[in-house]
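Accompanying notes for the structure given below.
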Amino acid sequence: MGTFGRRVDSTRRMRRRPVRVSSVVRRRRATPKAPDFSQIMAHLADAIAFIRVSHRSLDHLDIAFEEQSLLRMGLAALDAVYTEIDLASIAISQHLPP
């Protein structure tokens with residue numbers, strides 16, 4: 001008298017369909033963009049210059065000896081990091097294809 005419907009199992013998972021990846025996405029993964037080290041170094045040089053000017057203004061006040069010595073140590077550390085990054089960026093740029 002009636003038709004038997006298809007029994008649905010609610011716990012059964014649906015089959016996953018493969019997702020197509022466009023060629024634009026594939027190309028983007030294959031060629032990573034090299035960072036602009038000159039821009040990064042310019043920002044770091046600006047930050048060092050701001051700190052150096054602040055240190056010089058404190059140096060002329062003849063107060064806060066401990067703070068001045070900490071600023072000198074910080075500037076020396078920043079200069080060392082600047083040089084390290086600069087040399088690394090040169091080494092990387094020499095190994096990248098044109």
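The values are calculated or read from the model by the stated rules, or taken from the named source; none is laboratory data. Note that the structure is predicted; figures quoted are calculated from it, not measured. Heads up, the Cβs are rebuilt from the backbone with ideal geometry, glycines too, and the neighbour counts pull from every protein chain shown.
Reported count of residues in the range 62-86, each being more than 16 Å from Ile48 (Cβ to Cβ) and surrounded by fewer than 13 Cβ atoms within 10 Å (Cβ to Cβ), is 7.
For the range 35-79, a residue qualifies if it is acidic (Asp, Glu) and out of contact with any helix residue (DSSP H, G or I) (no Cβ under 8 Å at 6 or more places or on another chain), and the qualifying residues are Asp36, Asp46, Asp62, Glu66.
Where helices (runs of 4 or more DSSP H) fall wholly inside the chain, the ranges with 3 or more residues that are out of contact with any Gly (no Cβ under 7 Å at 6 or more places or on another chain), of a type in the set (Gly, Ala, Ser) and modelled with pLDDT of 85 or more are 37-59, 65-95.
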